[in-house]
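What follows is one structure encoded as structure tokens, with my remarks underneath.
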Amino acid sequence: MRSALPTVPTLHSEWIKIRSLRGTLGGLIAVLVATAGIQALTAAAIGRSEDGSMGDDPLFAAYYGISFGQIAAMVFGAGAVAGEFHNGALRTSLAAVPNRTRFYLSKIATVGVLALLTGQVTGLVTFVAGQAFMGRYALDLGDPGTYRAVVGSGLYLALMALLAAGLTAVLRSGTVVLSLLIPFVLLVSFVVGEAAGGAAQYLPDRAGQLVLHARTQGDLGPWTGLGVMALWAAAAVLGGWLAVRRRDA
Amino acid sequence: MNSIEIRELTKAYGAHRAVDGLTFDVLPGRVTGFLGPNGAGKSTTMRLLLGLDRPTSGTATLGGRSYLDLPDPLHRVGALLDAQSAHGGRTARDHLRFLAAAGSIPVRRVDEVLEQAGIASVAKRRIKSFSLGMRQRLGIAAALLGDPGVLLLDEPTNGLDPEGIIWIRELMRRLAAEGRTVLVSSHLMSETSALADHLIVLGNGRLLADTSMADFIDARSTRRVRLRTSDPGRLRSALARDGFELAAAEEGRWTVEGIQAEQLGKLAAREGIPVLELADERASLEQAYLDLTADHAQFTATR
Ligand SMILES: Nc1ncnc2c1ncn2[C@@H]1O[C@H](COP(=O)(O)OP(=O)(O)O)[C@@H](O)[C@H]1O
Ligand SMILES: [Mg+2]
């Protein structure tokens, strides 16, 4: 088993792959820019008009921008893996790192760590930048649930990236994964989530976003919700591993 | 340590056997030409050797070990599989950099192989802007990166200009002379005969020949004569009695397969048929190769 773990050279190689593709590096930067930027713009536009103008839950309202940032996280996660299915790129990669488990774990670890670091910075910057425009309705760091939301939002973004990365390894196409996931988080989950109470709360994005709420209703608390999302992401990553191990390259 | 051993190797895609019970060795110190028409199974054999595809049965090893078990694959084997095996969005240099990183190869070596492959000036351009010939050169640069003892080159001359073809021919000869194992595939005999010392010929996934280039020439290219005569009609019937066939060639000449000038000359003299010109000839290597693979060609061009 130890012989299948990532090594410094394989992690370094994956990092070079990610930073040398415009799409993946851009997706990573867009996580921060989209989440914090849209948060700040929205807060500046309507945040001070009246209490609750950005939603009933002031903590969740502080992360309005994450709806957009999560798409960037998916683009990053899917893109990092999809690069291998571009032409015969995977063959070159596997010729250099023939152990498929090591190859895949190195990639997933690199995607996860980069998304987590970016997510944590995003979580903090989004909170601070967004609240700066809220005037007297602003939350302060230290108010109930705020630290949880700052850390949780970073984890949420990282898990989204991993979910997309794992699915891309299964389906072998970033385009297919994004054309499934983006409508899902923007429409399906939203519509279904409004309509049905029970099962919908277990959908990955619904469950994961509980960590951003001041108060949660339903069966899941904020951290168990994030845990449910982590299970989804883990299932996708596991599926990707099985696919990468089994298939001919 | 640098030899390649293929044993009873079979790969089926569905019901179709792309590689069918192949057994052969590739030895160091010489260029081995890997010949066969399109679809013969050359690329599949190379992918199986690199552990990219799983064999249905049989083994493909390097010095007795599976490629998957090599601790330092890039230092042992350099492969050019397909000019398209690179992401178009990366620059040539970044493509080589991530490979170098994976193999713990110093970055200096990246610049060396870029120089050696003649693409240093376009190293910072994205691969999607490359011509096929430039991509081939990048693939060769990648294969040379780890200074490997074994080189697997799948149709490396595809898309190369004449200057590039000469370059790669000399490169392969030099690598073999240094004691490395060089396996180079092609579907053209004309190209292979100019550089290979040894030949492995595939047809429909099966081994058709495993022989030195010299032996192949001796054994395969049949004898024939070329002649001019003022009485082809009588010569034809005289030859037919001995089981030979007179065939028309260009410029009013005739050829007869499987006979030598001495034998035909005597026959014509006995019959009193005037022969104006007579010479021994060898069927071309290309023809010998085509004959060998004719029954096995999957994609025969319709003329
Ligand atoms: N991944 C694959 N799936 C199905 N058939 C394949 C696959 N790869 C190769 N083949 C088939 O296997 C045969 C051998 O192909 P290949 O090894 O590419 O031949 P060559 O390189 O000699 O032209 C062909 O008939 C080809 O269509
Ligand atoms: Mg081929």
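Structure values in brief
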item	result
Cross-link partners of B:Lys266 among aspartates and glutamates (Cα-Cα below 12 Å; sequence separation of 8 or more within a chain)	none
A:Asp56 versus B:Arg226: modelled label distance in nm, points set 7 Å from Cα along the beta carbon direction	9.6
Cα centroid separation - the range A:176-249 against the range B:154-173, whole Å	52
Residue-averaged beta-carbon neighbours from other chains (10 angstrom radius) around A:77-85	1
Set of lysines near B:Lys11 by C-alpha distance (under 16 Å), chain-local residues within fewer than 8 positions excluded	B:Lys42
Virtual spin-label span in nm between B:Asn38 and B:Ala194, 7 Å along Cα→Cβ	2.1
Dipole-positive endmost among A:Ser13, B:Thr44, A:Ala82 within the protein assembly as shown (Cβ charges, Cα centre)	A:Ser13
Per-peptide average of other Cβ atoms within 10 Å, ordering A:116-123, A:48-55, A:4-11, B:5-12 highest first	A:116-123, B:5-12, A:4-11, A:48-55
Helix A:222-246 vs. chain A, principal-axis angle (Cα, 0 to 90°, nearest 10)	20
Helix A:146-171 axis, angle to chain A major axis (alpha carbon atoms, nearest 10°)	30
Förster radius 30 Å - calculated FRET efficiency between B:Ser237 and B:Ile217, Cβ distance, rounded to 0.05	0.35
Candidates per GluC sites (Glu not before Pro) in the range B:112-217, loop by DSSP, up to 16 other Cβ within 10 Å	B:Glu178
Which of A:His12, B:His87 has the fewest Cβ neighbours within 10 Å, and the rest in rising order	A:His12, B:His87
Relative contact order (%) - criterion: Cα under 8 Å, at least six apart; region: chain B	22
Calculated FRET value between B:Ala12 and B:Ser66, using beta carbons and R₀ = 22 Å, to 0.05	0.65
Peptide B:43-54 - average C-beta neighbours from other chains (10 Å radius)	3
Shielding of B:100-107 by partner chains, average beta-carbon count, 10 Å	6
In degrees, nearest ten, helix A:22-46 long axis to first principal axis of chain A (Cα)	0
Sorted by Cβ neighbour density within 10 Å, fewest at the top, the residues B:Arg93, B:Arg54, B:Arg169	B:Arg54, B:Arg169, B:Arg93
Candidate lysines for bridging to B:Lys128, where Cα separation is under 22 Å - those fewer than 8 sequence places away on the same chain excluded	A:Lys17
For the range A:2-246: relative contact order, % (alpha-carbon pairs under 8 angstrom, 6 or more apart)	25
Helical contribution to [θ] at 222 nm, DSSP H n ≥ 4, -39,500 (n - 2.57), averaged over the protein assembly as shown, rounded to 500	-16000 deg cm²/dmol
Shape category assigned to the range B:222-282 from the gyration tensor of Cα positions, a/c cut at 1.5	rounded
Relative contact order computed over the range B:53-158 (Cα-Cα under 8 Å; 6+ residues apart), in percent	41
Gained length - B:Ser57 relative to B:Glu170, 0.36 nm times residue gap less alpha-carbon distance	37.1 nm
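Each reported figure results from applying straightforward, stated rules to the coordinates on display, with no laboratory input. This is a predicted model, so every value here is computed, not measured. So basically every Cβ, Gly included, is an ideal-geometry build from the backbone, and we count neighbours across all protein chains shown.
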